[in-house]
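Below: one structure, written as structure tokens.
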Amino acid sequence: MKVSFHTLGCKLNFSETSTIARSFTEKDFERVKFGENSDVVVINTCTVTGTADKKCQQAIKKAKKTSPNAYVVVTGCYAQLKSSEIAKMPEVDIVLGMQEKFNLFDKITEFKNNEIAKVYSCDIEDVNQFDISHSSGDRTRSFLKIQDGCDYPCTYCTIPKARGKSRNGKISEIIEEATKIAEKGFKEIVLTGVNIGDFGKTTNETFFDLIKELDKVKGIERYRISSIEPNLLTLEIIDFVANSNKFLPHFHIPLQSGSNKLLKLMKRRYNRELFTERIEYINKIMPNAFIGIDVIVGFPGETEDDFLDTYTFLESLNISFLHVFSYSDRNGTEANAIKNKVTKSDIKLRSKKLHLLSDIKHTFFNKKNIGKEVNVLFEAANLKGSMYGFSQNYIKVEIPFDKKLVNSIVKVKIESINENENALVEFINN
């Protein structure tokens with residue numbers, strides 16, 4: 001039988017989809033691309049915004065359109081939050097909530113279409129298991145899930161209701177998984193989760209303890225830390241990254257707003273002063289580190305002055321890139337009840353301004369690295385005769401395709417930046 005998968009949302013979802021996919025291949029299913037005719041289609045969903053919900057619905061409909069006789073499985077965050085809503089869709093055969101996403105084969109013995117979708121879900125408060133997972137579709141890097149859930153009550157976010165409380169495996173279990181990844185030939189691991197800086201709550205360990213042990217795993221040459229809260233990104237962690245040969249100078253830090261007034265309304269656990277401290281400290285000890293920042297525009301009550309406060313704050317920071325999100329009302333959140341909503345036209349305009357600022361920051365960051373020597377891990381894809389890789393500080397490098405360089409870390413010198421913001425390089429003979 002043939003099975004296909006479609007993943008929406010974050011790196012964490014991709015790591016989990018890969019684990020689900022391995023359970024199929026172990027039972028001799030042939031994996032094909034999403035959109036090809038399949039006997040089973042698994043859709044791993046996201047619900048971080050209203051747009052994400054719509055994309056999930058569109059993916060479900062596409063699955064049935066391209067594979068009319070397929071057995072359609074829907075799991076993930078949207079499936080946990082809106083299981084009854086999804087079950088009403090005629091295309092769906094089974095809905096698996098957070099506790100059941102890895103247990104499909106325990107629920108069914110044969111993939112026969114259901115007139116009414118079967119739903120396996122539970123109260124998110126009862127979810128306490130942690131399932132280690134990692135992605136394996138890319139030959140060069142793997143997303144390793146180290147933590148799940150979140151205890152932060154941010155007023156705009158539904159993820160705690162979709163993912164449950166913060167939880168994690170033991171460091172020894174994470175190390176064992178990282179070793180398996182190394183044995184498969186991967187050179188780079190991206191640590192992922194919902195709130196990874198919170199790692200250790202359920203095992204009386206810490207994120208700092210974890211990265212010290214991961215640094216010792218043989219075979220893995222590079223680690224990247226995915227999104228980490230600024231209040232949990234300690235100076236101790238930053239110092240460790242600066243002195244590690246494996247943890248890369250690449251940070252993804254959510255800010256959400258440069259206005260202390262809005263940060264308080266969002267129930268974030270820091271202010272802009274702490275955020276500034278973290279950025280300045282990274283800049284001080286790792287001047288060429290890549291720093292990506294999350295920011296939300298259009299949060300309820302955000303005035304033009306509040307937005308300008310955020311804009312000028314971001315403009316003043318020595319950062320590399322902005323991930324800009326337009327605020328989206330989510331049922332069941334505190335922010336949904338806040339009055340003084342920002343109009344869609346104002347949100348669109350503010351988003352455009354921040355995207356332009358991001359372009360300026362990114363171009364400046366790339367160009368200041370011209371002339372510098374960097375180490376690049378090249379990927380397998382051959383795209384119109386070119387191949388790509390990323391430097392340790394996340395500069396995308398483009399070269400003519402050379403099969404011998406796939407999954408190799410090569411020292412190069414950045415010569416220029418092209419119109420696509422990719423670095424063109426000269427190879428350095430060691």
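The values are calculated or read from the model by the stated rules, or taken from the named source; none is laboratory data. Predicted model only: the values in this text are computed from it and were never measured. Reconstructed Cβ throughout: ideal geometry from the backbone, glycine too, with neighbour counts over all protein chains shown.
Quick one: Leu144 ticks every box in (1) in a strand (DSSP E or B); (2) surrounded by fewer than 15 Cβ atoms within 10 Å (Cβ to Cβ); (3) not hydroxyl-bearing (Ser, Thr, Tyr) except a single one, so which number is it?
(2)
Considering only segment 154-192, state which residues are among the basic types (Lys, Arg) and assigned to a strand (DSSP E or B).
Hit for segment 154-192 is Arg167, nothing else.
Does Thr234 satisfy the criteria of being surrounded by fewer than 18 Cβ atoms within 10 Å (Cβ to Cβ), within 21 Å of Asn393 (Cα to Cα) and β-branched (Val, Ile, Thr)?
Answer is yes for this residue.
Of the residues Ile414, Ile395, Ile399, which single one is surrounded by 17 or more Cβ atoms within 10 Å (Cβ to Cβ) and over 24 Å from Phe247 (Cα atoms)?
Going through Ile414, Ile395, Ile399 in turn, the sole match is Ile399.
Say we look at segment 124-141 and pick out the residues that are at pLDDT 85 or above and small (Gly, Ala, Ser); which of these is farthest from the chain's Cα centre (by Cα)?
Ser133
If I ask for residues that are charged (D, E, K, R) and either outside any loop (DSSP other than H, G, I, E, B) or touching a Cys at 6+ places or on another chain (Cβ under 9 Å) (or both), which ones from segment 83-109 would you list?
Glu85, Glu100, Asp106, Lys107, listed by residue number.
Could you check how many residues of segment 19-70 are hydrophobic (A, V, I, L, M, F, W, C), over 27 Å from the mean Cα position of the chain (by Cα) and surrounded by fewer than 20 Cβ atoms within 10 Å (Cβ to Cβ)?
Within segment 19-70, residues that are hydrophobic (A, V, I, L, M, F, W, C), over 27 Å from the mean Cα position of the chain (by Cα) and surrounded by fewer than 20 Cβ atoms within 10 Å (Cβ to Cβ) number 1.
Can you find a residue in segment 320-335 that is out of contact with any helix residue (DSSP H, G or I) (no Cβ under 6 Å at 6 or more places or on another chain), among the small types (Gly, Ala, Ser) and modelled with pLDDT under 95?
yes
Does segment 277-290 contain any residue that is within 22 Å of the chain's Cα centre (by Cα), part of a strand (DSSP E or B) and either free of Cβ contacts under 8 Å to residues at least 40 places away in the same chain or assigned by TED's automatic domain parsing to the domain that holds Cys150 (or both)?
Within segment 277-290 (the criterion being within 22 Å of the chain's Cα centre (by Cα), part of a strand (DSSP E or B) and either free of Cβ contacts under 8 Å to residues at least 40 places away in the same chain or assigned by TED's automatic domain parsing to the domain that holds Cys150 (or both)), the answer is yes, since at least one residue qualifies.
Take the residues of segment 193-210 that are assigned to a helix (DSSP H, G or I) and hydrophobic (A, V, I, L, M, F, W, C): which is surrounded by the fewest Cβ atoms within 10 Å (Cβ to Cβ)?
Phe208
Let's see how each residue does on (1) within 26 Å of Val194 (Cα to Cα); (2) of a type outside the set (S, T, N, Q):
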| position | (1), (2) |
| --- | --- |
| Leu104 | yes, yes |
| Phe111 | no, yes |
| Asn114 | no, no |
| Ala117 | no, yes |
| Tyr120 | yes, yes |
| Asp123 | yes, yes |
| Asn128 | yes, no |
| Ser135 | yes, no |
| Ile146 | yes, yes |
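Can you tell me which residue is nearest to Thr333 (Cα to Cα) among those in segment 228-269 that are in a loop (DSSP other than H, G, I, E, B) and in contact with a Leu (Cβ under 7 Å, 6 or more places away or on another chain)?
That would be Ser257.
I need the full set of residues from segment 347-359 which are of a type in the set (A, V, I, L, M, F, W, C), surrounded by 13 or more Cβ atoms within 10 Å (Cβ to Cβ) and closer than 20 Å to Asn318 by Cα, in order please.
Leu354, Leu357
Could you go through segment 12-25 and let me know if any residue there is among the aromatic types (Phe, Trp, Tyr), farther than 22 Å from Pro160 by Cα and outside any helix (DSSP H, G or I).
No, segment 12-25 contains no residue that is among the aromatic types (Phe, Trp, Tyr), farther than 22 Å from Pro160 by Cα and outside any helix (DSSP H, G or I).
Results for (1) within 14 Å of Phe325 (Cβ to Cβ); (2) buried (at least 20 other Cβ atoms within 10 Å of the Cβ), shown as yes or no for each residue.
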position	(1), (2)
Phe275	no, yes
Ile293	yes, yes
Ile296	yes, yes
Gly301	no, no
Glu304	no, no
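Name the residues in segment 382-402 that are within 16 Å of Glu419 (Cβ to Cβ) and either of a type in the set (Ser, Thr, Tyr) or not in a strand (DSSP E or B) (or both), would you?
Lys384, Ser386, Tyr388, Ile395
Please determine, by comparing only the residues of segment 315-346 that are part of a helix (DSSP H, G or I) and without any contact (Cβ under 8 Å) to a residue 60 or more places away in the chain, which one is surrounded by the fewest Cβ atoms within 10 Å (Cβ to Cβ).
Ser345
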